[in-house]
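Structure first, then comments.
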Amino acid sequence: MGDETDANDGRHSSARRHPDGIGQPHVRPRRTWRRHASPLSLAAFGAVVVLAMLGTLGHERDWHASASGVELDVHAPEVIRNGEFLEMRIGLRSDQAIGELVIGIEEALWRDLTVNTMIPAASEESGTDGEMRFTFSELPAGTPFLFKVDLQVNPDILLGNEGTITVYDGESELVATSISIVVLP
């Protein structure tokens, strides 16, 4: 840029004017190395990256239960962090026909989790005795069934949730398994 005229006396000045409180020493580059980040913060970040690569900050698990020819498989994170999204898959296979398939999920398991999507949609949803129940149609013998639920961990969860997932034929309990999800800050 060219020379500027000083407003006070009309003289030309080759130096730019700076805002009040900012002088030439603030603008002049330093001749020494300036640290922008502490080595400690870099080491902490590196430790988080290594822990994540080892799988200790998020770990998925399969829970399995079977009784009376009915097999229940649940796939979900065992360890997860606050604010993350997760997918819970509840798979079912039965050697016998189930007249009215009902999946019961203990409320404590989904406490402070936001349900985003459930596929397939239940024909009826209810809550009784601390359990959310999702009713589906008849399930023929040998037919696999998959119930997929997308959830998000709310920030106010501390330590995690535990609960039971139960499969019913109407009101008759067929099989159940206990689930535990650890939530890290």
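The values are calculated or read from the model by the stated rules, or taken from the named source; none is laboratory data. Not measured: the values here are computed from a predicted model. Virtual Cβ from ideal backbone geometry, glycine too; neighbours counted across all protein chains shown.
Structural remarks
- Residue check for VAL149: under 18 Å from the mean Cα position of the chain (by Cα), at pLDDT 90 or above and surrounded by fewer than 14 Cβ atoms within 10 Å (Cβ to Cβ): no
- Residue within the stretch 44-65 that is assigned by TED's automatic domain parsing to the domain that holds PRO155, in contact with a strand residue (DSSP E or B) (Cβ under 8 Å, 6 or more places away or on another chain) and more than 23 Å from ILE157 (Cβ to Cβ) present: yes
- Residue in the stretch 90-111 that is over 23 Å from VAL183 (Cβ atoms), among the hydroxyl-bearing types (Ser, Thr, Tyr) and surrounded by 14 or more Cβ atoms within 10 Å (Cβ to Cβ) present: yes
- Considering only residues in the stretch 100-133 that are polar (S, T, N, Q) and over 24 Å from the mean Cα position of the chain (by Cα), the one that is modelled with the lowest pLDDT turns out to be THR128.
- Any hit, the stretch 77-85, residues being among the basic types (Lys, Arg) and either in contact with a helix residue (DSSP H, G or I) (Cβ under 8 Å, 6 or more places away or on another chain) or more than 30 Å from SER172 (Cα to Cα) (or both): yes
- Residue that is surrounded by the most Cβ atoms within 10 Å (Cβ to Cβ) [pool: residues in the stretch 130-146 that are over 18 Å from VAL115 (Cβ atoms) and of a type outside the set (D, E, K, R)]: LEU139
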